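A short write-up of the structure that comes next.
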Amino acid sequence: TDLRPLDLLSEAVPAGGLARGVRVFQAQGVRGFQLAASRPRALAFPASRLFVHCDRFPEEFSIIVTLRVLDVPAKRNEYIFTLMAEESPSVLVGLRYAPNKLHFLFWSQERAGGWQTRVTFPNVSLSDSQWHTLVLAVSGQSFSLTLDCSIPKDVVVETPFPASLSVKRANFYLGNRRRRKGVFTGLLRQLVLLPGADATPRICTAMNFKVATLSVPTVLQDLPAKPASNEVLKYPYETDTKVTLGSRPPCTKQEKAQFWFNASRRGLYLCNGSAWVSMLEVKQRLDYVEEYQNLVTNSETMGIEVFTIPKVGLFAATANRYTPPGSAIYKWTDGKFVPYQNIPTYQAQSWKYFTIGKKIFLAVANFEQNYRGQEFSVIYKWSRRKEKFIPYQRITTHSARDWEAFVIEGEAFLAVVNHREGNNHNIDSVIYRWNPRTGLFETNQTIPTSGAYDWEFFTIGPYSFLAVANTFNGTSTKIYSHIYLWLSGSFQLFQSILTFGAADWEVFRIGDRVFLAVANSHSYDSGMPAPSNFYAVNSSIYELNITAQMFVKFQDLLTYSALDWEFFSVGDDSFLVVANSFDGVTFSVNSIIYRWQGYEGFVAAHHLPTIGCRDWEAFHTAEGSYLLYSSAKEPLSKVLKLKTT
């Protein structure tokens, strides 16, 4: 073989049209073949078409599949493809999917007869109605499966793939094993055999790993934006176009050709694969910001969490300094936040809302001990019967500053930032894993931190990251904050960035670009001469450089004891608002909204008077878009309304 890709789908589909029983169906802006169960042999062809000069299957090879799997019932197997001899019911080579498993089958032949070997890859979750690309590399006894360019799953078996597997008088069957039972019910977009090579390096080059392409039939390729003539479509196709209501959903290649209706702006938008394009509305632009509501709080507020409980409403939880009366939860009622529930807390720093399945949780980070000298933070669970949050689990923490909740490979995690223990700032922060059997969070990993303030979790393609904002090591605020990458079941150091009293990380995306902003609060080093102003310090924005595989500095912005960044959008415009808290003289200092100006970066657009600003939250309702800020110096937070033109 000359090691060229062998496109099985293109071989099975007639060049001038479609086989009977085969439809072209578009989902999430991507096309694939759907096979009718009544005609399982519609996509079939003799192996001799591919193996012209040699009737032996390659000894080493890769199989590349791009597919969209529907929900497969338990105990059901669906075949992606098989290679079968005409006179035998045995599968020479095959690939089939069962719920959370992928099986590779091959026939081993000896003089005394033959037997079928099955190589199983467990914990392969495909039944999410999303597109996925698989690369199966085979060499002897080694079998490696790469899903969406993530970390390969390797299996070594006793029986090697045969060195000389005859394909004489054999046929390929795509999406079946020559009968109706086990027919593939999803969509197939790519099915390629690459002899003699591991295809992973050739596939994993684009950002959109889930639909990475080596070879796709012409009928499934994207049509040009404008037709070349008045001809009708050469290949008719169907689509699962739908209209999404509510707040702005994501727009990626997965949502391409989907619509979004924004009721508050009476606008209809179309996703072009990267951005929402207005179809019926003039794009809105931020004109100015007006004061909308003075929210009187129990005491000074260190952090705010805005969240929505489905079928219940929009809420805001304030992390208040003093107990009593503790912290409060407010509900959005008739266009305003009104008190809903008080919860005892101990110098609370922040709240984190998250869900696990149908369970709804709210975790508070307590900074101080209770009246009994016990120091712990609490996870509360939403009671549907009482319509209140009730205590669920207490976790020992040390001057906790922040919680971060996230999911990796279907497992739920909760990470706490421990700021200090006594006068020691160099202590471990902890990552907890949800145990579905006990229904509790259990310690999974500890990470050394220095006076840390914040965790920020984010994903890029199939990779999961966790960034920590280290603030003070006992002698200096000029220390490294770290970004960790999830590898082999734990977070491992990916990159270190020099920060100055880092209090917050904020990750955001503009188009295909990924940014990470740090809020630097002050510059202090006991061994260095004091600067003219500890609190006037640059906060920095970093951008992911794909080639260098690291974040590189993009822009510095002068801030005054910055404690938080919040990213938000209005129309097609992107904004960052910073929480400036103290300028060295007064806590009455302007916080600033920066507008994204492309080549210029972020440019100051609006100066907002704030007092000891600690946290910003952006949220949307049917009436419009808002910003909510908390004050760490007075028992008053403010809701600001974004006025647009």
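The values are calculated or read from the model by the stated rules, or taken from the named source; none is laboratory data. Nothing here was measured: the structure is a model prediction, and the numbers come from that model. Neighbour counts run over all protein chains shown; Cβ positions are idealised from the backbone, glycine included. Keep in mind that these areas ignore ligands, DNA and RNA; they rest on the heavy atoms of the full protein, side chains included. Shrake-Rupley method; radii C 1.70, N 1.55, O 1.52, S 1.80 Å.
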Item to check | Candidate set from region 403-421 (those that are farther than 22 Å from Q374 by Cβ and without any contact (Cβ under 8 Å) to a residue 40 or more places away in the chain); member that is least open to solvent (accessible area, probe 1.4 Å) | outcome: F413
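Condition first: in a loop (DSSP other than H, G, I, E, B) and either without any contact (Cβ under 8 Å) to a residue 40 or more places away in the chain or within 16 Å of the chain's Cα centre (by Cα) (or both). Now tell me which residues in region 249-261 satisfy that.
Keep residues of region 249-261 that are in a loop (DSSP other than H, G, I, E, B), which gives 249-252, 256-258.
Selection gives P249, P250, C251, T252.
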Checklist entry - In region 511-525, which residue that is part of a loop (DSSP other than H, G, I, E, B) and under 33 Å from the mean Cα position of the chain (by Cα) is nearest to C204 (Cα to Cα)? => result D512
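Condition check ((1) crowded, with 19+ Cβ neighbours inside 10 Å; (2) under 25 Å from Y453 (Cβ atoms); (3) of a type outside the set (A, V, I, L, M, F, W, C)) across all residues:
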position	(1), (2), (3)
S588	no, yes, yes
Y599	no, no, yes
W616	yes, yes, no
T621	no, no, yes
S625	yes, no, yes
Checklist entry - Name the residues in region 476-497 that are under 17 Å from D556 (Cβ atoms) and either in a strand (DSSP E or B) or modelled with pLDDT under 95 (or both), would you? => result K478, S481, I497
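Matching residues to (1) assigned by the TED database to the domain that holds Y629; (2) open to solvent by 30 Å² or more (accessible area, probe 1.4 Å); (3) assigned to a strand (DSSP E or B):
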{"site": "G474", "(1), (2), (3)": "yes, yes, no"}
{"site": "T499", "(1), (2), (3)": "yes, no, yes"}
{"site": "G527", "(1), (2), (3)": "yes, yes, no"}
{"site": "S540", "(1), (2), (3)": "yes, no, yes"}
{"site": "L558", "(1), (2), (3)": "yes, yes, yes"}
{"site": "E566", "(1), (2), (3)": "yes, no, yes"}
{"site": "S574", "(1), (2), (3)": "yes, no, yes"}
{"site": "A579", "(1), (2), (3)": "yes, no, yes"}
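Any residue at all in region 297-308 that is open to solvent by 60 Å² or more (accessible area, probe 1.4 Å) and closer than 26 Å to F354 by Cβ?
Yes - at least one qualifying residue is present in region 297-308.
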Checklist entry - For R169, all conditions in the list (1) open to solvent by 60 Å² or more (accessible area, probe 1.4 Å); (2) farther than 26 Å from S10 by Cβ hold save one; what is the number of the exception? => result (2)
Next on the checklist: Among the residues of region 311-345, what is the count of those that are assigned to a strand (DSSP E or B), open to solvent by 40 Å² or more (accessible area, probe 1.4 Å) and more than 15 Å from Q293 (Cα to Cα)?
Outcome noted: 2
Checklist entry - When only residues in region 379-392 that are free of Cβ contacts under 8 Å to residues at least 24 places away in the same chain and part of a strand (DSSP E or B) count, which is most open to solvent (accessible area, probe 1.4 Å)? => result P391
Checklist outcome for this item: Picking from V167, V119, the residue that is closer than 18 Å to R56 by Cβ and either out of contact with any helix residue (DSSP H, G or I) (no Cβ under 9 Å at 6 or more places or on another chain) or outside the structural domain of I408 (by the TED database) (or both) would be V167
Checklist entry - Among the residues of region 581-607, which ones are touching a residue at least 40 places away in the same chain (Cβ under 8 Å), assigned to a strand (DSSP E or B) and out of contact with any Lys or Arg (no Cβ under 9 Å at 6 or more places or on another chain)? => result I593, R595, W596
Checklist entry - Say we look at region 265-282 and pick out the residues that are more than 13 Å from P250 (Cα to Cα) and not basic (K, R); which of these is modelled with the lowest pLDDT? => result V282
